[in-house]
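Have a look at the structure below, then the notes.
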Amino acid sequence: MRRTKKMKKNKVRKETDKKTAVMQLVIMALIGAVIGGTGSIIFVFWGEDVGHMLSQMSKYLTGAASWVLMFLSLFLMVAAPLCVRNIKERLDNWHQEEEEEAEKLQQYMERVQMFLAIFMNVTMCICGIALADLAMYLPGFTAFLLCITEVQ
């Protein structure tokens, strides 16, 4: 009897999760459409001004990208092990009979994973900017390395 109640509850939960996932997907698609449409309208009317502003931002971002990348990398190097250790401690203290506690633990783990994923993605984006800045100096740097290796 108890097992069938759990099975029914799990089935209802899965159906609810599917509906929630579909709703989230639709909402995210609508938000993306609004952002894309707004960006297109802005470029149609103010394209030249926006292009100039983006050019100035690009100069600033490439100059600061290395420092931001270093800060984010150091932050992740400290935050990721702390978050994982915190999850491990919570799992060790978890009493397996309590479903409510299990749900809270799962939600906490999802938040930590989302936090780390966002920071890692931002770090990768900043890394791309830093590499683009490095690409400007790469031919000269390669020639410098070739000169050093020939001297030795």
- Relative contact order computed over segment 42-126 (Cα-Cα under 8 Å; 6+ residues apart), in percent: 40 percent
- Item | All Cα pairs of segment 33-127, percent lying beyond 16 Å | 71 percent
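Bear in mind these aren't lab numbers, they're just calculated from the coordinates by the rules spelled out. Computed from a predicted structure; not experimentally measured.
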